[in-house]
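Coordinate-derived values only; no laboratory data. What you see is a predicted model; the values in this text were computed from it and never measured. FYI the Cβ positions are ideal-geometry reconstructions off the backbone, even for glycines, and counts take in every protein chain you see.
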Amino acid sequence: MTAAAPWHPDIRRDLVPGVPSRFWGQAWRGAVVAAGLRRERAERAAGYTTRVGHEHADEALVDVDVVDPRSGRVLRLAGEPMPRAFFNDRAAFMRDRLARVRAAASA
């Protein structure tokens, strides 16, 4: 078994066409929420999620890649072991990763 490549801000994913599930979660109407749940299933089937809130990206272990919906770059790899900094301040860790992927995307 080979070790997975480490995370870096240049890793990209092809996103499922349409509005990312992260944005659907902000809607309140029943039909819109149902569309957002279908979208989240489509993303998970493709091996990633754009839901970067505490209920997904902040878990100690994620089973799919966590992707920035704006840049298409990976914030966390599926199964990636997290460093101590993640457990000390998860929100700060994820903000740093988001800033790094968006800086790489704009370069």
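Observations, loosely collected:
- Each peptide among 98-106, 44-52 gets the average number of other Cβ atoms lying within 10 Å of its residues, and from highest to lowest they stand as 44-52, 98-106.
- Fully extended contour minus Cα-Cα distance, from Leu61 to Arg84, at 0.36 nm per residue: 6.9 nm
- Protection proxy ranking for 86-97, 62-73, using the average of other Cβ atoms within 10 Å per residue and placing the highest first: 62-73, 86-97.
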